[in-house]
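This report concerns only the one structure given below.
The values are calculated or read from the model by the stated rules, or taken from the named source; none is laboratory data. As the structure is a computational prediction, the values presented were derived from the model and not from experiment. No Cβ is skipped: glycine too gets one built from the backbone with ideal geometry, and neighbour counts run over all protein chains shown.
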């Protein structure tokens, strides 16, 4: 065997897996098709001298144990803490601010609704309890929904577990709040995969469990150097542990011999053998394209092809000569360092989702603006800034030509939409780049541009993520494992799927002696 383990894809989870496998003394090779590591966590110079975190832009979910194991802070990780985390202007000039300090957040909410200001503490407590329910399942193979609920029923938070599984975001907000504006401000739903699906709350329990831990370290915010700095440090840690990392090495397929994954075939036809193969590519790309179809049961393949991959997003990256002057809170101030949410109501979210699912660009999408250069002055030259606009939602499945035909119109419409809240915005935008589902798929290799590989719906969470037959990182093909965001516990830059998959491989390889199969190549396969 050339290696003990080969990893397809050097996104953050692939690099985390490489580190843990190498630290266990295994011979590890991580392969990246592009010229640099990172996947959806990269920093790119989109305009001369101006750098953007092109897909993922915030460091908010990384597991502290992985942070410590890889010694990322010692290697130079620096994170700028956002305060306030969110600024929410409304079209009529009103606004809400969410601060790291709960009392300041309550004061902001009280300007809209005293009832909701008092309810906010109870809402925060709900998520603290939900995080406690989910936390034990982060660094282990996932339970089934039934096991999760049965265990929760033995503790003090059974009703919360029922809400996470059967409730919706809208129901939860209605239980606590009366103001439509407070609900709109707290109604973030993009990670779930639909606007209001039952079970979508499970993702937020996962996020609460991780963000609270990381927040205690003061490491929630924008990383210096962008998200690409994070994945460069992950590569450094993996290589220090003994892993080999190769870029510009696209994988054409999984090498199968004797009914088992025995390595990979590179795009140039080279066969590299290994005792185990881990794929950081999304489940559909891995199982329906990289594995020869005859090696997997047809009923399983049908399930793979039916995976829910409906949530599409896009980002508009703007180089600017100044900062937006928000009508709701003009002038300088902390609002410029916050995530700026543009969403008038929960109905606003529903309309955007329904239009996108019908194959149309929403007439009024929900927007989230961030300006990392307020903190990280290395992102842009003096007097210039980087503003990235996260857009919910975008139609998926459109051919690249269809996107190209409407690129300029969408860009202009988004700038005009922001201008309703910050009238100077069109004047300060010097360059703009629209990063839609086709670009996300092409750059990061994620099917339909889905940032979480598969939607975070109830049928694709816990012991059903991405499918029951491969929810514990193993797949029906012996020797092949999944280690990306399509696995438990879900999407976001957490490193947890990579770590858990690596631990699974280590256990399996320790239990099975090395074999020496033939090097027969597989049939035609497409590059990853």
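Numbers below:
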read-out	value
Condition met for residue 21 (in contact (Cβ under 8 Å) with a residue 60 or more places away in the chain, buried (at least 21 other Cβ atoms within 10 Å of the Cβ) and part of a helix (DSSP H, G or I))	yes
In the range 378-400, residue surrounded by the fewest Cβ atoms within 10 Å (Cβ to Cβ) [restricted to those that are out of contact with any strand residue (DSSP E or B) (no Cβ under 6 Å at 6 or more places or on another chain) and within 20 Å of residue 313 (Cβ to Cβ)]	399
Single match in 142, 136 (criterion: crowded, with 20+ Cβ neighbours inside 10 Å and out of contact with any strand residue (DSSP E or B) (no Cβ under 8 Å at 6 or more places or on another chain))	142
Matching residues, the range 263-309, being in a loop (DSSP other than H, G, I, E, B), more than 27 Å from residue 248 (Cα to Cα), at pLDDT 95 or above and under 27 Å from the mean Cα position of the chain (by Cα)	306, 307
Positions within the range 323-355 being part of a helix (DSSP H, G or I) and under 18 Å from residue 427 (Cβ atoms), in sequence order	336
Residues within the range 28-68 that are in contact (Cβ under 8 Å) with a residue 60 or more places away in the chain and over 18 Å from residue 376 (Cβ atoms), tallied	18
Which numbered condition residue 359 misses (of (1) on the phi > 0 side of the Ramachandran plot; (2) buried (at least 18 other Cβ atoms within 10 Å of the Cβ))	(2)
Any hit, the range 432-445, residues being in the same structural domain as residue 296 (by TED's automatic domain parsing), on the phi > 0 side of the Ramachandran plot, in contact with a helix residue (DSSP H, G or I) (Cβ under 9 Å, 6 or more places away or on another chain) and not in a helix (DSSP H, G or I)	no
Matching entry among 149, 145, 138, 97 (being within 15 Å of residue 208 (Cβ to Cβ) and within 28 Å of the chain's Cα centre (by Cα))	138
Residue within the range 43-65 that is in a strand (DSSP E or B) and surrounded by fewer than 17 Cβ atoms within 10 Å (Cβ to Cβ) present	yes
Members of the range 111-134 that are in contact (Cβ under 8 Å) with a residue 24 or more places away in the chain and outside any helix (DSSP H, G or I)	112, 113
Scope the range 279-299; condition out of contact with any helix residue (DSSP H, G or I) (no Cβ under 6 Å at 6 or more places or on another chain) and either touching a residue at least 12 places away in the same chain (Cβ under 8 Å) or within 30 Å of residue 88 (Cα to Cα) (or both); matching residues	281, 283, 286, 289, 290, 291, 292, 295, 296, 297
Yes/no for residue 232 being modelled with pLDDT under 95 and surrounded by fewer than 24 Cβ atoms within 10 Å (Cβ to Cβ)	no
